[in-house]
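Q: A single structure is presented below for examination.
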There are 4 protein chains.
Amino acid sequence: MKNTFGSSMTVTLFGESHGPEIGAVLDGLPSGIPVDEAFIAERLRLRRPAGAISTGRREQDPFRIVSGLFNGKTTGTPLAILIPNGDVRSRDYSFGPARPGHADYAAHVRYGGYEDYRGGGHFSGRITAALTAAGAILLDALERKGIRIGTHVARCAGIDDAAFSGNPAADLEKLNASVFAVLDEQRGEKMREAITRAAEEGDSVGGVLETLVLGMPAGVGEPWFDSAESELAHALFSVPAVKGVAFGAGFAMADMKGSEANDPLVIREGKIETATNHNGGINGGITNGMPILFRCAVKPTPSIRKEQRTVNMAENQETTISIDGRHDPAIVHRARAVVDSVTAIVVADLLAQRFGNEWLVVSDQ
Amino acid sequence: MKNTFGSSMTVTLFGESHGPEIGAVLDGLPSGIPVDEAFIAERLRLRRPAGAISTGRREQDPFRIVSGLFNGKTTGTPLAILIPNGDVRSRDYSFGPARPGHADYAAHVRYGGYEDYRGGGHFSGRITAALTAAGAILLDALERKGIRIGTHVARCAGIDDAAFSGNPAADLEKLNASVFAVLDEQRGEKMREAITRAAEEGDSVGGVLETLVLGMPAGVGEPWFDSAESELAHALFSVPAVKGVAFGAGFAMADMKGSEANDPLVIREGKIETATNHNGGINGGITNGMPILFRCAVKPTPSIRKEQRTVNMAENQETTISIDGRHDPAIVHRARAVVDSVTAIVVADLLAQRFGNEWLVVSDQ
Amino acid sequence: MKNTFGSSMTVTLFGESHGPEIGAVLDGLPSGIPVDEAFIAERLRLRRPAGAISTGRREQDPFRIVSGLFNGKTTGTPLAILIPNGDVRSRDYSFGPARPGHADYAAHVRYGGYEDYRGGGHFSGRITAALTAAGAILLDALERKGIRIGTHVARCAGIDDAAFSGNPAADLEKLNASVFAVLDEQRGEKMREAITRAAEEGDSVGGVLETLVLGMPAGVGEPWFDSAESELAHALFSVPAVKGVAFGAGFAMADMKGSEANDPLVIREGKIETATNHNGGINGGITNGMPILFRCAVKPTPSIRKEQRTVNMAENQETTISIDGRHDPAIVHRARAVVDSVTAIVVADLLAQRFGNEWLVVSDQ
Amino acid sequence: MKNTFGSSMTVTLFGESHGPEIGAVLDGLPSGIPVDEAFIAERLRLRRPAGAISTGRREQDPFRIVSGLFNGKTTGTPLAILIPNGDVRSRDYSFGPARPGHADYAAHVRYGGYEDYRGGGHFSGRITAALTAAGAILLDALERKGIRIGTHVARCAGIDDAAFSGNPAADLEKLNASVFAVLDEQRGEKMREAITRAAEEGDSVGGVLETLVLGMPAGVGEPWFDSAESELAHALFSVPAVKGVAFGAGFAMADMKGSEANDPLVIREGKIETATNHNGGINGGITNGMPILFRCAVKPTPSIRKEQRTVNMAENQETTISIDGRHDPAIVHRARAVVDSVTAIVVADLLAQRFGNEWLVVSDQ
């Protein structure tokens, strides 16, 4: 389905970095869900570049919801969000040599030269603003149903953040109030220093995002092929720069013995839980009621000032490139708002597939 | 779509571990593709447990293709493969305490106690036999179009295999002829020793599979949401025990600088390539003509003889379990045949979405 | 999705007229639905040719459910039904000239000569046996939820049956107990005479089926594009020989004035209903709580003994054909069992999309 | 998929009658297709109410294409068309009694009172403007590939238009240049008189549209379930007011004998064709190379001035309603532009499924 994702609840994306507007259409929303535009704006702010460690491009995200909303609540018909592209300087991006690490060459083969190459076109991280806005509506709705989602920069430039504490709900609250979302502010400061250093060198750094979903009911997902892991990974891998997704202990699980990796089942306050959560809240593709936990590897921003070898596609000749536009020396901290929104969309869809779309509605809202 | 996967080419799975038959339906195949039943049997053999390091269950896989095949070639209408479940001993699996690391508890909540719990039911690795058989048809067809797929046990019980050599085509040939697929036989021997040791301890080990796809044309996949990575990960995460999927340098990319991670574009023999392949052959969700490379983390077999804490779901009481049936102390080496087949199905679907279903047909076949 | 239909509840079909087995896979069924194999057999009997007015081919339909069923109830994982093809005489169908009115020529272009042409292959009405069996499970489940479906031969060979009476529930009961389903037996007798006459002339006749769905809740379906009418028509038009589908007053509505066609809303026993039902229970694509009513035009059986002009595709030469195999002089009365099953599948899917898959479960079953 | 339709080429619709903007997103377009904005405007003009026989609402359709278009050609990424709602008078539509024949009551049950009821909201015919614009891009692209689509008002207010002539290409050219599309202008004049009379009586009339698709290649469509008829009917039944769809001779086929209904195959200028076209260019769900022909029954406009019985949903009381806003006494002639666009979208998708998305591209464009 290309630019549409989801089964019972879907999102459709459109737009290019330098086109007039980008947008997202959410379909399958139940009617009667409150839409808090200030919350959407807040989530867009978390995604926006800010301060010394981010691009000079000052993105304005004055979104408009043009359908599916009536008297402050969803109507149940498609909700379209449009965001005009304001501060665009096309001259920064005049076509030329393919930018290494970007989709320029792959897109050129895919679209035969008709692609809108300005600023990465439809491949641009800019499009994630629409995705972030759409997901914000669901983040908010899920929270009302007791499902909380949050992400921290678990690693950046080789520096690890602290792990989630014994009070993950408080952790999520803290993260969702932070522009640079880490659990340990001192390590966060070190990460920002490393980002600044990379910027000074005309280079960039990557990192790892770790996401937690609290309050997810057990029994959601499918064994084949729409496992909770499959659906989440599908959506997460379409976020630009994500190159790896792992659940629970992830790749570390490959080195464990069965007796270590298996999460023992226990009864806590009359409820079946697992003593550990190496499986990240999912067994056999189906949620087991424990927190969903996963990590995304985010590669370093491909746009760097440092000179790189590349090919001028028009002339089919090797050349070099030094990318001078306004670029982030790291996107991992900004990507977290996107990952939260993507997670909310997938989780809402999984719940809708399992319990019907109306499940999201809180009766007295 | 639950048990159906794919867009232009789809596979539908059904069956349970101890039911009469399991099966797969391939739809969207072009007409005129030769079906080599001996090759399917060979791929099923690679998936089957074998020798000291595998389960005592001697699976017979006498598959039957009951539709979509006429005079040895596909008709273009759905091809259904059925595999009867032969050597089944239900008494090994009488219902009781949930097996840690398995889907027992999650399935119980999902299906409300109506699930066929015998041998894991629909969650059983047994179902992958049908998937392996279906994918074998496409592995074969892709090979005729110059696209070769192969997987090695890149890591098992903490032991690394060698990396792919400078002659990856030869590597794949070797791997596809091996039951225990490693590039370095000595390290493979050590892995098998570790597996045997784990078995002796009543325990199990996990590992990492690394898959290479050679000959993939550039320009295949979509930016949102059906990126080549998204589609592959979606299918791979539905393979039992896979907990992580990473492309190219994967999680290691998170620690690189942009100047390291970006693959410089170069011209080799008149063709645009990249000097390195940290992106695993995919940029912006679209293939760039380099080999597709990815890794899957495979957790240790959850069924172990060692005593584990768990809960008896019927009685809602904590208890312990020691699993005595015939179980593999490792499944990573067997999972590779499944991963190859899943990869073939996704790659064939991506190609069909891009170029139409007929692309797979070799004109003179 | 080619041979898979549905959103929350799907059916996948496979098989050919003269292949070893045909089958259907139902996915998205909730767990815990009773499966009454005698009822499935009964519905297959209604579809089977019988007596003087039907083909000499004595189809045996000894179906097997090989997955998704445990202790007499659905498990919630895919339920596969297989029906072996018993009484097949391939010599009746040796390939030669294209049969007019059949798919022979279209299929030949579509599949390039690789199609299994024997007995119509995958296009054969034979495949509807699997569809009928799959739908029977849902007919039964819907009945337990108070939703009853029935179809009569509203017209055959130019002879009209009586209209539904003021007691449609009784009408459906009568129809579902009849092999030749008409409301007025005398007119049914005349239809059968006309069929017999056509058979004697080596010719065939068509007809119109009219289907009623009682007990459908209001508020089911979507405005764009998955209207209740769209979903029903999609599935109905894949039933062989159906060339028209119309809801409520259908084409007669085109000749009405708005003041006639609009169904006035009234309150009956405290419930909002419509005084008439020209819209067939659907407004704006969404059910309004009145009975769903639609008609299908069924063309005459294309296989006739009478000589017809055609083309020998192998030789690309005009020729004539007289089809001598065992063929029905009418299929409209047999197609009704197929239409009932297709209706049940679509209705169950529409309900599952609206209320979740579990809606079908009766709590005390 | 609710508001998204299509497999390889999809359209997503959003918007409400009185919301700020309506829109459509086309996905799966190949890159390099010219987009003629003047042609889109012309198709929107054909859909717009005009003159004495149409509503007083003067719709302005100043559409904007905000993505997927670069240098006048498609980029291959989603193309979004937005149309602001200009001339809206919400006071005409203040909520009150359900309008008979409209979706008001069904929508109220479906959306629980949260629906945007103003002017029919998402159910409004207004939304078809976005659909018409999206389809226009494909009408144009198909024409360049030799596939021409056109529709006439085959019947209105009980008056029949002439049938297609022996020169259907000329017929289509004439129709596509007409606001009130009939083949016989005198009969068209009588239809318009009948429409005017109905308007004077505060009533409305319906009609039948007949659509022809010339130049369609043979071998397109699927046997189960995505027959060409299924796909077309699915989309056509989502057009407001369409209550019946029939292919070729349609319901008249039910009264034919096999010897009449079967289209004899013949060779004309070396090409296999059929002597008649009772099957409307489709056999077994697959095109046979003859023109595709189908009819849609369009019910009379439900909004009439004449007093009607209805129910006030808020008060749950019977009442009467006389609808005074600006309404068309007939919509059948306007619906033809919508039907043409819907047909183009489905035909383009069927071709893309069969031959790949690139098929639409003309190499030298």
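Q: Hey, if you put +1 on the Cβ of every Lys and Arg and -1 on every Asp and Glu Cβ in chain D, which of D:Leu183, D:Ser322, D:Phe294 ends up farthest toward the positive end of that dipole?
A: The residue sitting most towards the positive pole is D:Ser322.
Q: May I pose another question? With a 10 Å Cβ neighbour count serving as the proxy for reagent exposure, in which order, fewest first, do D:His333, A:His102, B:His152 appear? Please report the intermediate quantities before stating the final value.
A: Numbers: D:His333 30, A:His102 23, B:His152 27.
Lowest to highest Cβ neighbour count: A:His102, B:His152, D:His333.
Q: Summing +1 for each Lys or Arg and -1 for each Asp or Glu, what net charge is found among the other residues whose Cβ lies under 14 Å from the Cβ of D:Leu82? Don't skip to the end; give the middle numbers.
A: Details: positive: A:Arg64, D:Arg64, D:Arg126; negative: A:Glu21, D:Glu16, D:Glu21, D:Glu37, D:Asp61.
Local charge sum for D:Leu82: -2.
Q: Related question: Counting only other chains, and only Cβ atoms inside 10 Å, what mean value do you get across the residues of D:290-300?
A: 4
Q: Follow-up. Could you state the principal axis extents of the C-alpha atoms in segment A:324-365, from the largest down, to the nearest angstrom?
A: That gives 51, 22, 14 Å along the principal axes, largest extent first.
Q: Expressed in nm to one decimal, what extension gain is obtained for the pair D:Glu173 and D:Asn312 from 0.36 nm per residue of sequence separation less their Cα-Cα distance?
A: Values: separation 139, 0.36 × 139 = 50.04 nm, distance 4.75 nm.
45.3 nm is the gain from fully extending D:Glu173 to D:Asn312.
Q: With the Cα gyration tensor of segment A:208-313 giving a ≥ b ≥ c as the square roots of its eigenvalues, does the rule (a/c under 1.5 for rounded; else a/b larger than b/c for prolate; else oblate) give rounded, prolate or oblate?
A: Values: a/c = 2.85, a/b = 2.28, b/c = 1.25.
Since a/c reaches 1.5 and a/b is larger than b/c, the shape of segment A:208-313 is classed as prolate.
Q: Further question on the same structure: Could you work out how much longer the chain between C:Ala163 and C:Gln186 gets when fully extended? Use 0.36 nm per residue separation minus the Cα distance between them, nm to one decimal. Display every interim value, and only then the final one.
A: On the way: separation 23, 0.36 × 23 = 8.28 nm, distance 1.36 nm.
Stretched out fully, the C:Ala163 to C:Gln186 stretch lengthens by 6.9 nm.
Q: Oh, and also: Specify the residue with the greatest mean-square fluctuation among D:Phe251, D:Phe63, D:Phe180, computed from a Gaussian network of chain D linking alpha-carbon atoms under 10 Å apart.
A: Residue with maximal mean-square fluctuation among D:Phe251, D:Phe63, D:Phe180: D:Phe251.
Q: If you take every residue apart from C:Phe39 with its C-beta less than 10 Å away from the C-beta of C:Phe39, what net charge results, scoring Lys and Arg +1 and Asp and Glu -1? Spell out each step's value before the answer.
A: On the way: positive: C:Arg43; negative: C:Asp36, C:Glu37, C:Glu42, C:Asp140, C:Glu143.
Neighbourhood net charge equals -4.
Q: Quick one: dipole size for segment B:284-365, taken about the Cα centre, charges +1 on Lys/Arg Cβ and -1 on Asp/Glu Cβ, in debye to the nearest 20. Write out the running numbers ahead of the final one.
A: Details: 9 positive and 9 negative charges, 69 e Å.
Taking the Cα centre of segment B:284-365 as origin, the dipole is about 340 debye.
Q: So which aspartates and glutamates can D:Lys73 reach, going by Cα to Cα under 18 Å and dropping same-chain residues fewer than 8 places off?
A: A:Glu16, A:Glu21, A:Glu115, A:Asp116, D:Asp27, D:Asp36, D:Glu37, D:Asp140, D:Glu143, D:Glu358, D:Asp364
Q: Let's see if you can work this out: charge +1 on each Lys and Arg Cβ, -1 on each Asp and Glu Cβ, no other charges. What is the dipole magnitude of chain A about its Cα centre, in debye to the nearest 20?
A: Numbers: 37 positive and 45 negative charges, 96 e Å.
Charge dipole of chain A: 460 debye, to the nearest 20.
Q: Enter the mean number of other protein chain beta carbons within 10 Å of the beta carbon of each residue in B:332-341, as an integer.
A: On the way: counts 1, 0, 0, 0, 0, 0, 0, 0, 0, 0.
Per-residue shielding by partner chains comes out at 0.
Q: Take D:Phe247, B:Phe70 and order them by how many other Cβ atoms sit within 10 Å, fewest up front.
A: Values: D:Phe247 27, B:Phe70 22.
Ranked by crowding around the Cβ, least crowded first: B:Phe70, D:Phe247.
Q: What is the angle, in °, between the Cα long axis of helix A:332-355 and the longest principal axis of the Cα atoms in chain A? Nearest 10 is fine, range 0 to 90.
A: 40
Q: Sticking with this one: For chain D, with the dipole built from +1 on Lys and Arg beta-carbon atoms and -1 on Asp and Glu ones, taken about the Cα centre, which of D:Met9, D:Gly119, D:Val362 lies farthest toward the positive end?
A: Comparing the listed Cα positions along the dipole, D:Gly119 ranks first.
Q: Which of the lysines could a cross-linker span from A:Lys174 if the Cα-Cα distance has to be under 20 Å and same-chain partners fewer than 8 positions apart are dropped?
A: Those lysines meeting the cut-off are A:Lys145, A:Lys190.
Q: Taking the rotation axis that maps chain D onto chain B, which residue of D brings its Cβ closest to that axis, and at what distance in whole Å?
A: Per the Cβ-to-axis criterion, the result reads D:Gly356, 1.
Q: May I pose another question? When the dipole is taken about the Cα centre of segment C:208-321, and only Lys, Arg (+1) and Asp, Glu (-1) are charged at their Cβ, what size is it in debye, to the nearest 20?
A: Working: 9 positive and 13 negative charges, 74 e Å.
That gives segment C:208-321 a dipole magnitude of about 360 debye.
Q: Reachable aspartates and glutamates from D:Lys299, Cα under 16 Å, same-chain residues fewer than 8 places away excluded?
A: Excluding near neighbours in sequence, the set is C:Glu229, C:Asp255, C:Glu260, C:Asp263, D:Asp160, D:Asp203, D:Glu210, D:Asp328.
Q: Within a 10 angstrom radius of each residue's Cβ in B:346-355, how many Cβ atoms of other chains show up on average? Whole number is fine.
A: Mean number of neighbouring Cβ atoms from other chains: 2.
Q: Further question: Take A:Asp27, C:Asp328, C:Asp140 and order them by how many other Cβ atoms sit within 10 Å, fewest up front. Could the numbers behind the result be given before it?
A: Details: A:Asp27 26, C:Asp328 21, C:Asp140 17.
Going from sparsest to densest Cβ surroundings: C:Asp140, C:Asp328, A:Asp27.
Q: To continue, here is another question. Cβ under 14 Å from C:Gly113's Cβ, C:Gly113 left aside: what net charge do those residues give with Lys, Arg +1 and Asp, Glu -1? It would help to have the intermediate numbers written out before the result.
A: Working: positive: B:Lys73, C:Arg110, C:Arg118; negative: B:Glu358, C:Asp104, C:Glu115, C:Asp116, C:Glu315.
Charge balance near C:Gly113 sits at -2.
Q: Moving to a separate point now. Measure nothing fancy, just the Cα-based angle from helix D:37-47's long axis to the longest principal axis of chain D, in degrees from 0 to 90, nearest 10.
A: 60
Q: What is the helix-to-structure angle for A:128-144, meaning the angle in degrees between its Cα long axis and the longest Cα principal axis of chain A, kept from 0 to 90 and rounded to the nearest 10?
A: Around 10 degrees separate the two axes.
Q: Continuing with this model, one more query. Relative to the other copies, what are the label-point distances for B:Val362, with labels 7 Å from Cα along the C-beta vector, expressed in nm at one decimal and sorted shortest first?
A: Spelled out, the distances from B:Val362's label point are 3.7, 5.7, 6.2 nm.
Any read-out appearing in this document is the output of simple, stated calculations on the displayed coordinates, not a laboratory observation. These numbers were taken from a predicted model, which means no experiment stands behind them. Cβ: placed from backbone, ideal geometry, glycine included. Neighbour counts: every protein chain shown.
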